[in-house]
Amino acid sequence: DSGVTQTPKHLITATGQRVTLRCSPRSGDLSVYWYQQSLDQGLQFLIQYYNGEERAKGNILERFSAQQFPDLHSELNLSSLELGDSALYFCASSPRWVIATGANVLTFGAGSRLTVL
Amino acid sequence: GESVGLHLPTLSVQEGDNSIINCAYSNSASDYFIWYKQESGKGPQFIIDIRSNMDKRQGQRVTVLLNKTVKHLSLQIAATQPGDSAVYFCAESKNTGFQKLVFGTGTRLLVSP
């Protein structure tokens with residue numbers, strides 16, 4: 001157990017629907033990152049939050065949004081789902097927002113597998 | 001959970017052999033590199049990291065080599081075991097400002113008993 005908790009583990013939904021993925025970071029970690037892992041694109045960075053504030057954005061679609069709450073858990077909202085959104089979504093956490101040393105390396109959760117039919 | 005559904009280069013070795021997994025990184029300004037291991041059904045797990053001011057770093061049974069001239073990174077696993085079977089990713093980062101790791105496409109390591 002990495003200490004990063006993601007729910008749900010599996011989710012099957014239909015095109016056009018909206019889902020919310022939840023992440024609880026490792027105890028003491030202030031920064032949360034979301035990654036998408038699909039068959040043809042590997043691990044793609046979506047967005048990062050630090051202590052409730054958005055810090056960096058990657059290849060996140062406008063249909064997707066995220067937030068980090070005061071208790072530091074984060075949610076990734078995916079709307080108007082398309083078949084191509086089927087993927088594994090990983091949350092990772094780190095103590096700080098700058099990768100400066102190995103002590104600040106990302107710790108990943110087990111992922112949420114989204115299947116859009 | 002199947003990150004292993006990716007169409008990845010595969011390295012097949014026998015138990016006890018040494019394995020070498022290679023990675024070409026893209027950004028010459030990257031100054032921090034990490035190797036991750038991803039087993040089926042799990043998220044990526046940190047193995048070892050190296051900063052750009054080093055060319056070699058050793059861990060337990062693993063060694064990372066960095067060649068900045070050709071932007072090449074390698075992970076050497078000594079005495080490979082069946083439990084080492086996984087997908088291995090290198091990741092790079094530029095250590096200024098807000099950080100996001102850029103992951104390579106991964107290599108699948110298959111270890112036969």
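The values are calculated or read from the model by the stated rules, or taken from the named source; none is laboratory data. Source: prediction; values computed, not measured. All Cβ positions, glycine included, derive from the backbone under ideal geometry; neighbour counts span all protein chains shown. To get the accessible areas, we keep the full protein, side chains included, count just its heavy atoms, and leave off ligands, DNA and RNA. Shrake-Rupley method; radii C 1.70, N 1.55, O 1.52, S 1.80 Å.
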> Got at least one residue in segment A:69-76 being in a strand (DSSP E or B), more than 10 Å from chain B (Cβ to nearest Cβ), open to solvent by 30 Å² or more (accessible area, probe 1.4 Å) and more than 24 Å from B:Phe33 (Cβ to Cβ)?
Replying inline: yes
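Every residue, every condition in (1) over 25 Å from B:Ser12 (Cβ atoms); (2) within 11 Å of chain A (Cβ to nearest Cβ); (3) in contact with a Gly (Cβ under 9 Å, 6 or more places away or on another chain), yes or no:
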{"position": "B:Ile47", "(1), (2), (3)": "no, yes, yes"}
{"position": "B:Gln58", "(1), (2), (3)": "no, no, no"}
{"position": "B:Lys71", "(1), (2), (3)": "yes, no, no"}
{"position": "B:Gly83", "(1), (2), (3)": "no, no, no"}
{"position": "B:Arg108", "(1), (2), (3)": "no, no, no"}
{"position": "B:Val111", "(1), (2), (3)": "no, no, yes"}
> Only one of these conditions is not met by A:Ser112: (1) in contact (Cβ under 8 Å) with a residue 40 or more places away in the chain; (2) away from chain B (no Cβ under 11 Å); (3) under 11 Å from the mean Cα position of the chain (by Cα). Which number is it?
Replying inline: (2)
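Here is a yes/no grid of residues against (1) touching a residue at least 40 places away in the same chain (Cβ under 8 Å); (2) in contact with a strand residue (DSSP E or B) (Cβ under 9 Å, 6 or more places away or on another chain); (3) farther than 21 Å from B:Gln45 by Cα:
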| residue | (1), (2), (3) |
| --- | --- |
| A:Arg22 | yes, yes, no |
| A:Arg26 | yes, yes, no |
| A:Phe69 | no, yes, yes |
| A:Ser79 | yes, yes, yes |
>> Quick check on B:Asp55: is it open to solvent by 10 Å² or more (accessible area, probe 1.4 Å) and farther than 26 Å from A:Arg113 by Cα?
In response: yes
> Of the conditions (1) in a strand (DSSP E or B); (2) surrounded by fewer than 16 Cβ atoms within 10 Å (Cβ to Cβ); (3) of a type in the set (Val, Ile, Thr), A:Thr15 fails just one. Which one is it?
Replying inline: (1)
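Yes/no matrix, rows are residues, columns are (1) touching a residue at least 24 places away in the same chain (Cβ under 8 Å); (2) not in a strand (DSSP E or B):
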residue	(1), (2)
B:Ser12	yes, no
B:Gly16	yes, yes
B:Ile34	yes, no
B:Ser40	yes, yes
B:Gly43	no, yes
B:Phe46	no, no
B:Asp49	no, no
B:Asn53	no, yes
B:Leu65	no, no
>> Testing A:Phe64 on (1) open to solvent by less than 10 Å² (accessible area, probe 1.4 Å); (2) among the aromatic types (Phe, Trp, Tyr); (3) more than 30 Å from B:Ser52 (Cα to Cα), one condition comes back false. Which one is that?
In response: (1)
> Since A:Leu81 meets every condition but one in (1) within 24 Å of A:Thr15 (Cα to Cα); (2) within 11 Å of another protein chain (Cβ to nearest Cβ); (3) at pLDDT 95 or above, which condition does it not meet?
Replying inline: (2)
> Does A:Ala87 satisfy being open to solvent by 20 Å² or more (accessible area, probe 1.4 Å) and in contact (Cβ under 8 Å) with a residue 24 or more places away in the chain?
Replying inline: no
